[in-house]
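To start, the structure under review is shown below, and the notes come after it.
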Amino acid sequence: MSPVDPNGFEQVVVTCPAGKKVLGGGFVGNGAKLLTIRSFPGAGGTSWIVTVQNTDTVPLGYSGYAICANVQS
């Protein structure tokens, strides 16, 4: 898990393996005071971007994730 300082913001970009497209994504964190600011697919549909804010007085950790799959065009 990546740390987020108190009252801080952090962003992570999770990229799909080659040849796969992102279907969704999000994050998991270790505190109720870790807020989602943004969570959306990246340009080209091969990544997921998450920005979080720590509103607590102690550092909190989080990890982003992407749901990826082979997609026929």
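The values are calculated or read from the model by the stated rules, or taken from the named source; none is laboratory data. Predicted, not measured: the structure shown is a model, and the values here were computed from it. Please note: Cβ atoms are built from the backbone with ideal geometry, for glycine as well, and neighbour counts cover all protein chains shown. To get the accessible areas, we keep the full protein, side chains included, count just its heavy atoms, and leave off ligands, DNA and RNA. Shrake-Rupley method; radii C 1.70, N 1.55, O 1.52, S 1.80 Å.
Would you tally the residues in the range 16-36 being hydrophobic (A, V, I, L, M, F, W, C), open to solvent by 30 Å² or more (accessible area, probe 1.4 Å) and in contact with a Phe, Trp or Tyr (Cβ under 7 Å, 6 or more places away or on another chain)? So that I can check it myself, show each step before the final result.
Residues of the range 16-36 hydrophobic (A, V, I, L, M, F, W, C): 16, 18, 22-23, 27-28, 32, 34-35.
Pick out the ones that are also open to solvent by 30 Å² or more (accessible area, probe 1.4 Å) and you get 18, 23, 27-28, 32, 35.
Okay, now just the ones that are also in contact with a Phe, Trp or Tyr (Cβ under 7 Å, 6 or more places away or on another chain), so 27-28.
Result for the range 16-36: 2.
Filtered by the rule that a residue be farther than 15 Å from F9 by Cβ and open to solvent by 70 Å² or more (accessible area, probe 1.4 Å), the range 59-73 gives Y65, I67, N70, V71, Q72, S73. Within the range 28-42, restricting attention to residues that are part of a loop (DSSP other than H, G, I, E, B) and not charged (D, E, K, R), the residue that is nearest to S63 (Cα to Cα) is N30. Going by the structure shown, is G42 open to solvent by less than 70 Å² (accessible area, probe 1.4 Å) and either under 30 Å from Q72 (Cα atoms) or modelled with pLDDT of 95 or more (or both)? Against the criterion (open to solvent by less than 70 Å² (accessible area, probe 1.4 Å) and either under 30 Å from Q72 (Cα atoms) or modelled with pLDDT of 95 or more (or both)), G42 qualifies. Being assigned to a loop (DSSP other than H, G, I, E, B) and aliphatic (A, V, I, L, M) is the requirement here; does A18 meet it? So A18 passes the test.
Considering each residue of the range 4-15, count those that are in a strand (DSSP E or B) and open to solvent by less than 30 Å² (accessible area, probe 1.4 Å), and give that number. Spell out how you get there, then give the answer.
Residues of the range 4-15 that are in a strand (DSSP E or B), as a first pass: 4, 9-15.
This time we only want the ones that are open to solvent by less than 30 Å² (accessible area, probe 1.4 Å), so: 4.
Qualifying residue count for the region: 1.
Taking S39 as the residue in question, decide whether it is touching a strand residue (DSSP E or B) at 6+ places or on another chain (Cβ under 8 Å) and free of Cβ contacts under 8 Å to residues at least 24 places away in the same chain. Judged against the criteria, S39 is a match.
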